[in-house]
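One structure below.
Please treat every number below as a calculation from the coordinates, not as lab data. Just so we're clear, the structure is a prediction, and the values are computed from it rather than from any experiment. Don't worry about glycine lacking a Cβ; one is built from the backbone with ideal geometry, like all the others, and counts go over all protein chains shown.
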Amino acid sequence: MSFSSDTKKELSEFTDSTRHCRLAELTAISGCCGQYVPRAFGRLFFLYQSENFFVIKTAYDLIRKLFHASADVSVISGAGRQRFYMLLVRDEDVVKKMLFEMKLLRMGGALVDLSLSKADLIPKNICCKRAYLRGLFLCFGSISDPHKAYRLEYVCDAEEDADEIAELLSGFDISVKKADRKGKKIVYIKEGEKISSALGVIGARKALLEFENIRILRDISGNVNRQVNCETANMNKAAVAGAEQIRQIRLIDQKIGLDNIAAELSSAAKARLDNPEMNLKELGETLSPPVGKSGMYHRFAKIKKMAEEL
């Protein structure tokens, strides 16, 4: 399975200890993937459907734990390997109790329109907000393989859903960005540290640990690569400068002779001919007495000027 699927599998096995948090998670799933089934013989059914098995599994487990009720699970095969998972709650008493506790059924018996804003469904407690975000991630969320890229995102049909997710995450000091993609509203995070925080908020502890391990290794590898690239660039720069200095020195030796120029310039020139690969600092340390990098720079500046005049 992918990293995203592994994360959802872990979340589907997560069990909150409190009823209100379980109810908050089921409310999120119901608002995203649930729908009312037209009354049959005066009865009210509630249907969950998703392409993701772990969404249906979580909804089934929560209904069983919260209301001590069962539901019918079915699978419909689509084009290719595509599958749709469905969960149907048939017991009308259970359905009404579920909807009332999730605030999807008004006191007067009116059903909440799930296509409208779900702001009234969002819980107030911090612990319940975590559970609610966990349900939203199961339905809308995905996370890229951190070996390849850092990206956690929620793909929503409605802008109101995207705004509510962004607001919920901001309550945990996690800032997000938004975008449009093929008519969908995207809420996404690309910073590794913020993704770790988001995984921690929804309770994906195993995914968080794996993500952090990969992130540490990537950072170390990146630092090593940058250091190697920097050292390589410096070596290339020193090699080019050394080759130019040797050309200038040989010109001076041919025209004047190295023994006929100032002693400090002659010693620097001969050191360069003997050590073409060294940088100025290393080259200065071969002289007696040693000369610093700045001193060697000035000596070769004079050698360059002399060669240009010749």
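A few comments on the model shown:
- Comparing mean-square fluctuations of F67, F300, F46 from a GNM of the chain with C-alpha springs under 10 Å, the top value falls on F300.
- With neighbours defined as other Cβ atoms within 10 Å of a residue's Cβ, the residues D91, D259 order from fewest to most as D259, D91.
- Each Cα pair under 8 Å and six or more residues apart adds its sequence gap; the mean of these over the residue count of the range 147-192 is a relative contact order of 50 percent.
- Extended-chain gain in nm, criterion 0.36 nm per residue less alpha-carbon gap, N125 and Q254: 37.8 nm
- Contact order normalised by residue count of the chain, Cα under 8 Å, 6+ apart, percent: 14 percent
- By the beta-carbon count within 10 Å of each Cβ, the least crowded to most crowded order of T7, T18, fewest first, is T18, T7.
- Relative to the globular-protein estimate of 2.2 N^0.38 Å, the Cα radius of gyration of the chain stands at 1.75.
- Rg and Dmax of the range 228-309, Cα atoms only, in Å: 12.5, 42
- Backbone amide hydrogens, once placed in the peptide plane, bring R83 within less than 5 Å of G78, excluding anything fewer than 5 places away on its chain.
- Value of relative contact order over the range 228-309, rounded to a whole percent, pairs C-alpha under 8 Å and six or more apart: 34 percent
- Listed residue pairs exceeding 30 Å between alpha carbons, taken from K124/K148; K8/K103; K9/K194; K281/K304; K96/K178; K103/K182: K124/K148; K96/K178; K103/K182
- Candidates V73, V291, V228: whichever shows maximal mean-square fluctuation once the chain is modelled as a Gaussian network with Cα springs under 10 Å: V291
- In terms of other Cβ atoms within 10 Å, S17, S70 run from fewest to most in the order S17, S70.
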